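**Q** Let me begin by handing over the structure; questions about it come next.
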Amino acid sequence: MNTKNMQPESLMMSYGYKPELSEGAVKVPIFNTSTFVFKTAEEGKAQFELAYGLRNKNEGEELGLIYSRINNPNLEILENRLGLWDKADDCAVFESGMSAISTVLLEFLKPGDLLLYSSPTYGGTDHFIHHFLPTIGVEGVGFDAHDSKEAIIELVNKTGKQDRLKLVYLETPANPTNDIIDIKMCSEVATHFSTDEHKTYVAVDNTYMGPLWSHPLQIGADMVLYSATKYIGGHSDLIAGAVSGHAEAMQRVKILRTFLGTMASPNTCWLMLRSLETLKIRMDQQTKNAQEVAKFLDSHPHVEKVFYLGLLKEGTPEYAVYKKQYTAPGAMISFTIKGGEHEAFAFLNKLELMKLAVSLGSTESLAQHPAAMTHIDVDPESRKKMGITDNLVRLSIGVENIDDLVSDISQALD
Ligand SMILES: *Cc1c(COP(=O)(O)O)cnc(C)c1O
């Protein structure tokens, strides 16, 4: 069967798995084993040389199974399937989104190096950049969605460390404001600072829009990162992360993962294999529902402003970037309620069908208050600059019946 031209959703039930190797089981069993038997000592040696990067693969050679910190059938089948969505050379799955992110930052940034990042970023990422990286001598410089290419280049030059810019780290759309960053433009910034001695890599946290609605690898990124806890897992029953990317970058990521030991367990991988089978229908339904919810909020008298990609106005620069890098507006909506914290809390407390919880991208709809919850650690001044006000509410829209969702939101607003 030639699967080359098939869409990922057709391959999520079968790709990379041979039932005949598992007693004919139609589903991938959970391989709860820590280690694997070598046929010969020579084979064992050849596998270790590959796993530790001591030699390159021979033509057609694949890394065999060694030890479950390095690889495991559940991990490998999952990585092969997940990588299809981004047309990536390779993919690495982690035990959390934060372990995927911290592993990439640690691999590509060494003492004395400079990191360029888009602001705001996810709270955990923000903490790692501001509180951990400086302790190993890595400086970060942030820019926001409104900065031009020239302004960003100027920011980097002002640090005096432009020859040490090793990584451009983007998160787009930004959480919780839905500000969007032009990935292509940022990859041009990376090219501008790449030299004969070093390449400046581009990594994109695609948790909000991937792996369905945006494919940063196709527009200049070297790696895409995921909190797979969100859309990929999709059922709020696991924590996981992933990195997909070009072969050379992924080899580095996988080797460091082996030594940090941040790979996902066979159980977590098995749950994610289950989740990938419905990824497309879940995400399609979620964005369909979200567009209806956004429309309803936008016309409600108690709502001040709705931040949703589907409401961007044609002809604006944001709309041009949106069209260039996204195929749907996603299922994350933020909006300001008329009033302040009191009114926002009253709305959240009154929701019945929607649950009051952080996290996103799951089958059930969730609502939260960024200023008092996910972003409470951000200093008040930056919070204000980012537009995270006391009357801001963030919604993640699930797969429920749209009329039920709208009537729940409507009665809570009333
Ligand atoms: C949740 C999230 C993370 C962190 O992922 P965990 O799986 O919770 O470790 C990183 N980035 C974004 C955009 C997220 O939403």
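**Q** Listing S410, S99 from the residue with the fewest other Cβ atoms within 10 Å to the one with the most, what is the order?
**A** S410, S99
**Q** Let's see if you can work this out: charge +1 on each Lys and Arg Cβ, -1 on each Asp and Glu Cβ, no other charges. What is the dipole magnitude of the chain about its Cα centre, in debye to the nearest 20?
**A** 420
**Q** So, one more: For the charge dipole of the chain, defined by +1 on Lys and Arg C-beta atoms and -1 on Asp and Glu C-beta atoms about the Cα centroid, which residue among A100, A372, G261 has the Cα displaced farthest towards the positive pole?
**A** It is G261, whose Cα lies furthest towards the positive end.
**Q** What's the percent breakdown of Cα-Cα distances in the stretch 68-276 across 5 Å bins, shortest bin first?
**A** Per 5 Å bin, starting at zero, the Cα-Cα P(r) for the stretch 68-276 comes out as 1, 8, 17, 21, 21, 16, 10, 5, 2, 0 percent.
**Q** Could you run the Karplus curve 6.51 cos²θ - 1.76 cosθ + 1.60 with θ = phi - 60° over the stretch 76-82 and give me ³J(HN,Hα) per residue in whole Hz, x for Gly and Pro?
**A** 5, 5, 4, 5, 5, 6, 4
**Q** Another question about this same structure. Looking at the stretch 346-414, which GluC sites (Glu not before Pro) are DSSP coil and have at most 14 other C-beta atoms within 10 Å of their C-beta?
**A** Sites meeting the loop and neighbour criteria: E352.
**Q** Using DSSP, restrict attention to beta bridges with both residues in the chain and report what percent are antiparallel, rounded to the nearest 5.
**A** Percentage antiparallel, nearest 5: 55.
**Q** Something else about it: If neighbour count is taken as other Cβ atoms inside 10 Å, put Y226, Y231, Y117, Y319 in order from fewest to most.
**A** Ranking Y226, Y231, Y117, Y319 by Cβ neighbours within 10 Å, fewest first, gives Y319, Y117, Y231, Y226.
**Q** Whole Å is fine, so just give me how far the alpha carbon centre of the stretch 129-167 lies from that of the stretch 1-69.
**A** 39
**Q** Something else about it: State the answer as a single residue: which of A290, T278, V243 lies farthest towards the positive end of the charge dipole of the stretch 237-294, with beta carbon charges of +1 for Lys and Arg and -1 for Asp and Glu, about the Cα centre.
**A** Farthest towards the positive pole: V243.
**Q** Where the convex hull is taken over the Cα atoms of the chain, what is its projected area averaged over directions, in nm²?
**A** Answer in nm², one decimal: 21.7.
**Q** What lysines does K305 reach when the alpha-carbon gap must be under 17 Å and sequence neighbours fewer than 8 apart in one chain are set aside?
**A** K295, K313, K338, K384, K385
**Q** Would you mind ranking I232, I397 so that the residue whose beta carbon has the fewest other beta carbons within 10 Å leads the list?
**A** I232, I397
**Q** Turning to a different aspect of this structure: Given a cut-off of 28 Å, name the pairs among K149/K288; K4/K254; K87/K355; K158/K254; K45/K166 whose C-alpha atoms lie farther apart than that in the structure shown.
**A** Beyond 28 Å between Cα atoms: K149/K288; K87/K355; K158/K254; K45/K166.
**Q** Separate question: Which residue, chosen from F307, I388, I219, occupies the Cα position most advanced towards the positive end of the dipole of the chain, where the dipole is computed from +1 (Lys, Arg) and -1 (Asp, Glu) charges on Cβ about the Cα centre?
**A** I219
**Q** Quick one: length gained pulling V358 to N2 fully straight, 0.36 nm per residue minus the C-alpha distance? Could the numbers behind the result be given before it?
**A** Values: separation 356, 0.36 × 356 = 128.16 nm, distance 4.18 nm.
Once the chain is fully extended between V358 and N2, it gains 124.0 nm.
**Q** Take every Cα-Cα pair in the stretch 279-413 and report what % of them are more than 25 Å apart.
**A** 24
**Q** Now for a separate question. Quote the charge dipole size of the stretch 335-385 about the Cα centre in Debye, to the nearest 20; the model charges only the Cβ of Lys and Arg (+1) and of Asp and Glu (-1).
**A** Working: 6 positive and 7 negative charges, 29 e Å.
Magnitude of the dipole: close to 140 debye.
**Q** Now for a different question. To one decimal place, what orientation-averaged projected area in nm² is obtained for the convex hull of the Cα set of the stretch 317-359?
**A** Its Cα hull, projected and averaged over all orientations, spans 4.8 nm².
Laboratory data are not the source of any read-out in this text; all were calculated from the coordinates shown. Because the structure is a prediction, the values reported are computed rather than measured. No Cβ is skipped: glycine too gets one built from the backbone with ideal geometry, and neighbour counts run over all protein chains shown.
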